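The values are calculated or read from the model by the stated rules, or taken from the named source; none is laboratory data. Here the structure is a predicted model, which is why all the values come from computation and not from measurement. Counting neighbours? That spans all protein chains shown, and the Cβs are built from the backbone with ideal geometry, glycine included.
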Amino acid sequence: MIFPRHLQRFIAVWRAQDAVSRFVIGASLLLVVFAYLPTLQFDYVTQDQWRAFRYSTDPQSSIDRAQSCVKMIPRFYIQSGRPLVWITECLEHAVVSSISDFFFLRPIMLAVVIASVLYLGLVLSPFISGTATGVIAASALVMVPGYSFMFLQGMTAMMVLISIIFAAASFRLFSQRNINGCSKLKTLFLSSAFFILACLIYPAYAFIVIPLTLIEFGFNVSERISKRIYTLFNSLAFYFLSSVFYYAFIKIGVLIIEKIRGKFPNLGNYEVTIQLTPKLIIERLQEIATYFYSMSPFNFPTWHGLPIAILATFSIGLGWLSYKHNGRSVKSLPLFSVLIFVIAGFTLIASVSPWLFSKMDGFSTRHHLPWNLFYCAATAGLLSLFLKHILKVNSKGIPIAVLLGFLLPVALVQHRLSILEAVVTGVEIQAMRAKIHDWVEQKGWINNRHLLVVLPSTTRPIGIETATKYDQNFVLASSQNPVSVPWMVNSLLREQIPNQNFKLVDCAFNQSCVSGLLQDPENVVIGYTYGFEPINSPVQPYLINLSQVTTKPVNPSINLIIELPKIVASSTLDNYGPFGLLSSVQPGWHAEKNPAYPQKIAIDFKEMRLISQVGLLPQDRHTIRMPKAITINTSVDGKSWVNVATFDNVCVANVPGNWHNFELPNQVETQFLEIEILANCGDPDFLTLRGLKVE
């Protein structure tokens, strides 16, 4: 068993530490807890955590929520190359029925962080002056934005954090393949398995193995440079081959699942694939170079060029030590330094391969976590060497100096950032909670069934906009990911109305679907806007204006429009009514299962109008479920009906967009239209329709 043996190893290492080192290790862990202490609150939710409320305004049971999550999430992650990343998210969804439930899970996340610090510190310890310095470097890593973003997402991203432990275990096994007591072949197999396991969770984090090989190469100054290059090459080749196995595993898995369960939807940029177009790679290398120059290696803003300065210091300092340990001529020092600099540069580029060769847009903090690991370890290690060899500081005091000079400032910055995270998300929740409370007091589900959320156009509330431009955290979730808005409403409705007797239906930015959906008295319709364009609505919407918490409040113009057509159907499956057909709202109308024919859809236009053409849009990828044989009837009073046309086969699309249009024999003036469905296109169980247009 690998991990129990590593635990035993760490206990043995702990017992071997002197009092100063134990103090530094304990103090480092306390600083990590201090840095994230403000996040151990109950009344805030970060961006991706809102997905816990995606299922229903009714809290349901834990089992129901878990089943809904398992049914909804895995297929996406399989195709995106991360089939194991969703597991803890579904566990979180099973536990969380209200915002306050997150409170009980956050200590678990912090425990994973502490475990990661201890284990990664152990892995780094042979290279950067011992376990205490390794723990300091690992502690600094778990406070960089690319890591803290995932930590703040709670158990939604717990597996991402766990992938670091798997990747570190892979490197430790590989680096000690000749001395760990196991057969070499078994060790290589286990090392590859742990790396692939980390990739199956989150490839961008799994590639921390690459900077670990660079740290091993750089700090192992007692070895000849030729042997170090050979070891580095072997390590990179090993992880390249393991990456190929991972990629092949994913692609073969997707093919097998598609054979069994049908074609996956196109994920666009999220699909795991390799892009080798030379022009694209050159453009991405340019983007990486620009980003590398301007980024901060840590969790606070720094001057541009610092990453290059640290890399140069790493190369010169370790080049000097290499020359000194190997008794080379001083003339070889520049050569050693340049060689280390070039090797380090290429290795750091390789460490962001999951983004470099992917279809993903925008290089961001989570993609360069391997760089952050290198800089945290290099900084801690170089400070130790500088204090030891240049300032001749007593070796026992070196870890304390690194702790105070490096980790303490990092922890103080993260503590402030953690406070901002809780404050910003709390502001957003309180603003929406107050509006939902007023709506509930007014019995809005009866008197005002159109909720309109005005989204903020700036990412942070008043007083916090300029806190730091470097950190991607502490932003208003509604400004970054509008799809979370109905989930926010769900969660707050659960707090204030335990047993709702209405359905919350999301129209998103499509305000044209509101009228049709409001025809069902059980529907509460939610839409959202940035408020820059006038809103056309059949009723005065209830505004939840989140832009008012920012320095750029917007008050949208509301135009009340005349009453729109009313549409009804002879039968409906569950909540899939016909109310959004005239706006082609997903997923469309579903008749009762195994419907008895004829089925009918009737429209009241509220006024007389001329009709010459009718169009049907089938449910996406389910043409077989749409009507085939139909009769068109009209009426001027809704009582006496006249047959104006019959069509025996409308299953074949005849216009772009998969619309099935058909002309009436003669133009008809009517107020009421009835589509009588005599058969569908072949599905024995379902009769469905996504869109309907009358011209």
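Could you list all residues from the range 643-684 that are over 22 Å from Ala591 (Cα atoms) and in a helix (DSSP H, G or I)?
Within the range 643-684, Pro656, Gly657 meet the criteria.
Among the residues of the range 252-309, what is the count of those that are in a helix (DSSP H, G or I) and at positive phi?
Residues in the range 252-309 being in a helix (DSSP H, G or I) and at positive phi: 1 in total.
Can you tell me which of Asn559, Asn510, Asn555, Asn481 is touching a Leu at 6+ places or on another chain (Cβ under 9 Å) and surrounded by fewer than 22 Cβ atoms within 10 Å (Cβ to Cβ)?
Asn555
Looking only at residues that are among the small types (Gly, Ala, Ser) and in contact with a helix residue (DSSP H, G or I) (Cβ under 6 Å, 6 or more places away or on another chain) in the range 412-464, which one is modelled with the lowest pLDDT?
Ala422
Out of the residues in the range 257-276 meeting the condition of being free of Cβ contacts under 8 Å to residues at least 60 places away in the same chain and surrounded by 10 or more Cβ atoms within 10 Å (Cβ to Cβ), tell me which one is farthest from Gly305 (Cα to Cα).
Of everything passing the filter in the range 257-276, Glu258 is farthest from Gly305 (Cα to Cα).
Of all residues in the range 653-695, which are β-branched (Val, Ile, Thr), at pLDDT 90 or above and loosely packed, with under 15 Cβ neighbours inside 10 Å?
The answer is none; no residue qualifies.
When Asp64 is evaluated against the numbered criteria (1) within 25 Å of Val525 (Cβ to Cβ); (2) surrounded by 21 or more Cβ atoms within 10 Å (Cβ to Cβ); (3) of a type outside the set (A, V, I, L, M, F, W, C), which criterion, by number, is the only one it fails?
Going through (1) within 25 Å of Val525 (Cβ to Cβ); (2) surrounded by 21 or more Cβ atoms within 10 Å (Cβ to Cβ); (3) of a type outside the set (A, V, I, L, M, F, W, C) one by one, Asp64 breaks only (2).
Failed condition for Tyr36, given (1) assigned by TED's automatic domain parsing to the domain that holds Ser100; (2) closer than 26 Å to Val144 by Cβ, with all others met?
Among (1) assigned by TED's automatic domain parsing to the domain that holds Ser100; (2) closer than 26 Å to Val144 by Cβ, Tyr36 violates only (1).
So which helices (runs of 4 or more DSSP H) stay within the range 404-513 end to end and still have 2 or more residues that are small (Gly, Ala, Ser)? Please lay out each step first, then the result.
Numbers: elements: 408-441, 444-447, 477-480, 485-496.
By residue number, 408-441, 477-480.
With the checklist (1) crowded, with 20+ Cβ neighbours inside 10 Å; (2) over 23 Å from the mean Cα position of the chain (by Cα); (3) under 28 Å from Pro38 (Cβ atoms) in hand, flag the one item Val505 doesn't pass.
(3)
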